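**Student:** Please see the structure below; I have some questions.
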Amino acid sequence: MNGDTLYSIGELARRTGLTVKAIRFYSDRGIVPPTGRSPAGYRRYDLDALARLELVRTLRDLGLDLTTIKKVVDREVTLAEVAAAHAEALAVQIRTLRLRRAVLTAVARRGSTPEEMDLMHQLAKLSEEERRRLVGEFLDTVFGGLDADAGFVGIRRSMTPELPDEPGAEQVEAWVELAELSQDPDFRASIRRMAEQHAAERARVDDPVVRRDAAALVRDLVGPALAAGLDPASPEADPVVAAVTARYAQLSGRPDDVDLRRRLTTLLETANDPRRERYLQLLSVINGWTAPESLAPALDWFIRALRARIPR
């Protein structure tokens, strides 16, 4: 191909796949100016113009605006600089779209009211700093005055969501639900009661073994009975109940009597709040952790067993 070859707009359109109207528009904007004119006054374009048009088409396909494209073809900015800036802009748009998708998915799944949808939308738009502040305020309410204890520092850390810089759609949806849950006053009060009960247990006996809470104790000792399908109110469940209450009495330094069983029932009912389990499930999604084992079956079984053995 001869370097002096000149093309008409129609020829450029056939070679590039662009319309004559589009090429004329780029030409009028100075993005791909004509090399010259024919004797009849028609625009003519050289190989450099053909190459510029190919670049313009690619950049437009990638979503760049015409002002930026003109700077690139005029070499006012490098293609690398523009690509980096545009990639960052796209990343912001992608994050925004993920947040919107998370809100709409949650609204559709839960049949939310307009007020609930607005709250979820506001929670989804929070910046990283705003998210940290919201979570911090929730954890302060739950653990305030208790987290001087080193054990509670670890518990608080384990309940802190850390949404990654590039979250997946499932993580965004989980964040929106967790943030909304953390603002529920009744849920906050329930977790606070749980924390205070746990603190009282830890303070009673200066023994690191006591740091293992009652729910974990029940999970470990009730598992076989649950798997065997024992009726919690049946005589066959008596040894299981006795083993748990005896162990709990030993760890807490209390006699294994009716008062202890009532106290243990209250502790387990607080720990068995389904919202607590949901919070931990959402937390594992956000932080990329292994999903926690559900304590609900074991706690349900043992609470029923205890109630059947406590005088009314």
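The values are calculated or read from the model by the stated rules, or taken from the named source; none is laboratory data. All values reported here derive from a predicted model rather than from experimental measurement. Here the Cβ positions follow ideal geometry from the backbone for every residue, glycine too, while neighbour counts run over all protein chains shown. The area values use the complete protein model at the heavy-atom level, side chains included, leaving out ligands, DNA and RNA. Shrake-Rupley method; radii C 1.70, N 1.55, O 1.52, S 1.80 Å.
**Student:** Size of the dipole of the chain about the Cα centre, Lys and Arg at +1 and Asp and Glu at -1 on the beta carbon, nothing else charged, in debye to 20?
**Tutor:** 940
**Student:** Probe radius 1.4 Å, ligands and nucleic acids ignored: give me the carbon and sulfur share of the accessible area of the chain as a rounded percent.
**Tutor:** Here carbon and sulfur together make up 54 percent of the probe-accessible area.
**Student:** Net charge near residue 131: determine it from the other residues with C-beta under 14 Å of the C-beta of residue 131, scoring Lys and Arg +1 and Asp and Glu -1.
**Tutor:** That sum, taken over residues with Cβ under 14 Å, equals -4.
**Student:** With every protein chain left in place and a probe of 1.4 Å, what is the accessible surface of residue 47, to the nearest 10 Å²?
**Tutor:** Accessible surface of residue 47 is approximately 60 Å².
**Student:** Dipole magnitude of segment 59-145 about its Cα centre, charges +1 at Lys/Arg Cβ and -1 at Asp/Glu Cβ only, in debye to the nearest 20?
**Tutor:** 340
**Student:** Continuing with this model, one more query. What distance in nm separates the two pseudo spin-label positions at residue 128 and residue 94, each 7 Å out from Cα along the beta-carbon direction?
**Tutor:** Spacing of the two 7 Å Cα→Cβ label points: 1.6 nm.
**Student:** What is the distance in Å between the Cα centroid of segment 1-42 and that of segment 276-312?
**Tutor:** Segment 1-42 and segment 276-312 have Cα centres spaced 72 Å from each other.
**Student:** Percent relative contact order of segment 1-129, based on C-alpha pairs within less than 8 angstrom and at least six residues apart?
**Tutor:** Relative contact order comes out at 17 percent.
**Student:** Something else: How much of residue 115 can a 1.4 Å solvent probe reach, expressed as accessible area in Å² and rounded to 10?
**Tutor:** 130
**Student:** Between segment 47-64 and segment 115-177, what's the alpha-carbon centroid distance in Å?
**Tutor:** If you average the Cα positions of each part, the centres end up 45 Å apart.
**Student:** For the charge dipole of the chain, defined by +1 on Lys and Arg C-beta atoms and -1 on Asp and Glu C-beta atoms about the Cα centroid, which residue among 111, 280, 182 has the Cα displaced farthest towards the positive pole?
**Tutor:** Positive-end residue among those listed: 111.
**Student:** May I ask you to rank 21, 71 by accessible area, largest first, using a 1.4 Å probe over the protein chains only?
**Tutor:** Putting 21, 71 in descending order of accessible area: 21, 71.
**Student:** For residue 152, tell me the accessible area in Å² from a 1.4 Å probe, rounded to the nearest 10.
**Tutor:** 0
**Student:** Taking R0 as 22 Å, what FRET efficiency do you get between residue 58 and residue 19 from their Cβ-Cβ distance, rounded to the nearest 0.05?
**Tutor:** Efficiency at R0 = 22 Å is approximately 0.85.
**Student:** In addition: Might you tell me the accessible area per residue for the chain, computed with a 1.4 Å probe and given in Å²?
**Tutor:** 55
**Student:** I would also like to ask the following. Of 58, 200, 154, which is farthest along the charge dipole of the chain in the positive direction, counting Lys and Arg as +1 and Asp and Glu as -1 at C-beta?
**Tutor:** 58
**Student:** Run the dipole for segment 226-312 about the Cα centre, Lys and Arg Cβ at +1, Asp and Glu Cβ at -1, nothing else charged, and hand back the magnitude in debye, nearest 20.
**Tutor:** Roughly 280 debye, rounded to the nearest 20.
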